[in-house]
Amino acid sequence: MIEMLEKTVLHNGLVTAFAVVGLIMYVSMLLSKHLTFGRVHGSAIAIVIGLGLAYWGGSHTGGQKGLADLSLFSGIGLMGGAMLRDFAIVATAFEVQATEARKAGMIGVVALVLGTVLPFIVGASVAYAFGYRDAVSMTTIGAGAVTYIVGPVTGAAIGASSELMALSIATGLVKAILVMVGTPVAAGFLGLRTPRSAMVFGGLAGTVSGVSAGLAATDRKLVPYGTLVATFHTGLGCLMGPSILYFATKSLVG
C-alpha cells in the first residue's frame, strides 16, 4: 500500500505539489487565526514555513532547489516556476473593473515610479554600508529591494554572481513579509478603503505577494487593484534595473 502510494506521488509531482502547498496554507491559516489572532496573515506564515522547508531540503540533499531536490517533491519545482507564477499574477487582473483602474491616473504612475526608485536607493545604500561597493553588487541588491523577482533578473543581466542574486532574493522576501504584516496594521492610517488608494499603495509597495496578502487581510475586494499596479511595478523594475538604475549607480561609484 505504501509502495503504491509512493509510486502515485512520484508520477504525479504537480498534483502532489498542489496538495503540499494546500496543506501548508491550511496550517498557516490555523496558526494565523489561533496563534496570532489574525494579526499576522496566513500568507506570511506560509512563506516562513516554505523558507524553512526549502532550507531543510537543500541541507538534506546538498542540492540547489530546496525541497524540489527531493524526488518526492519534485513537482514543487514546476509549480514554483515562472510559468505558473506569472499565470497567477496575470489572472488577478480579470477581477479589475476598467472604470476603477482609470481613476488612478497620474497619481498611480507617480506611485509606480517612486515605488521602483526609492526602494532601489535604500537597498543599494544598505549594500554599500555592508561593504558591497561595486556597481554590479549595489545594483543587484538594490533591485532585490524593489522585488525579489527584479533582483535576480537584474543580476543575471549585468553579470552578478549567484551569491549576490541570492542576497537580492532574500532582500525582496524580507520586504514582502514586512508589507504583508504591516499592511493590515497601517491600513487605517494609509486610508486603504478605495480601489484608487489600493492602486497607489500597490505602486508604492511594489511586491505582488506582499500587496496581495496585505490587502487580503485588509479588504479582499481591494486585492485585484493593488496587485494590478504591483504587477506593472515588477515589469518596470526589470526594465529599469539593468539599464537606467545600473548606469546611474555605475556613474556614482565607478
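The values are calculated or read from the model by the stated rules, or taken from the named source; none is laboratory data. Predicted model, so just to flag it, every value in this text is computed and none were measured. Note that each Cβ is placed from the backbone with ideal geometry, even for glycine, and that neighbours are counted across all protein chains shown. Calculation scope for accessible area: heavy atoms of the full protein, side chains included, ligands and nucleic acids excluded. Shrake-Rupley method; radii C 1.70, N 1.55, O 1.52, S 1.80 Å.
If you filter region 148-184 down to residues that are small (Gly, Ala, Ser), at negative phi and not in a helix (DSSP H, G or I), you find that the one that is least open to solvent (accessible area, probe 1.4 Å) is 160.
Can you name every residue in region 134-147 that is of a type outside the set (A, V, I, L, M, F, W, C) and crowded, with 24+ Cβ neighbours inside 10 Å? If the condition is that a residue be of a type outside the set (A, V, I, L, M, F, W, C) and crowded, with 24+ Cβ neighbours inside 10 Å, then 137, 139, 140, 142, 144, 147 are the ones that fit. Scanning region 210-219 for residues that are surrounded by fewer than 24 Cβ atoms within 10 Å (Cβ to Cβ) and under 17 Å from the mean Cα position of the chain (by Cα) returns 216, 217. Residue-level check: of (1) on the phi < 0 side of the Ramachandran plot; (2) assigned to a loop (DSSP other than H, G, I, E, B); (3) of a type outside the set (Val, Ile, Thr), residue 131 misses just (1). If only one of 222, 192 is assigned to a helix (DSSP H, G or I), of a type in the set (A, V, I, L, M, F, W, C) and either touching a His at 6+ places or on another chain (Cβ under 8 Å) or open to solvent by less than 40 Å² (accessible area, probe 1.4 Å) (or both), which one is it? The match here is 222. Just one of the listed residues (153, 181) is closer than 23 Å to residue 201 by Cα and touching a helix residue (DSSP H, G or I) at 6+ places or on another chain (Cβ under 9 Å), and it is 181. Just so you know, in region 195-209 the residues that are over 12 Å from the mean Cα position of the chain (by Cα) and closer than 18 Å to residue 236 by Cα include one that is surrounded by the most Cβ atoms within 10 Å (Cβ to Cβ), and it is 202.
Would region 125-142 turn up any residue that is under 21 Å from residue 202 (Cβ atoms), aliphatic (A, V, I, L, M) and out of contact with any Cys (no Cβ under 7 Å at 6 or more places or on another chain)? No; the residues of region 125-142 include none that is under 21 Å from residue 202 (Cβ atoms), aliphatic (A, V, I, L, M) and out of contact with any Cys (no Cβ under 7 Å at 6 or more places or on another chain). Note on region 20-41: among residues that are modelled with pLDDT under 85 and surrounded by fewer than 16 Cβ atoms within 10 Å (Cβ to Cβ), the one that is nearest to residue 183 (Cα to Cα) is 39.
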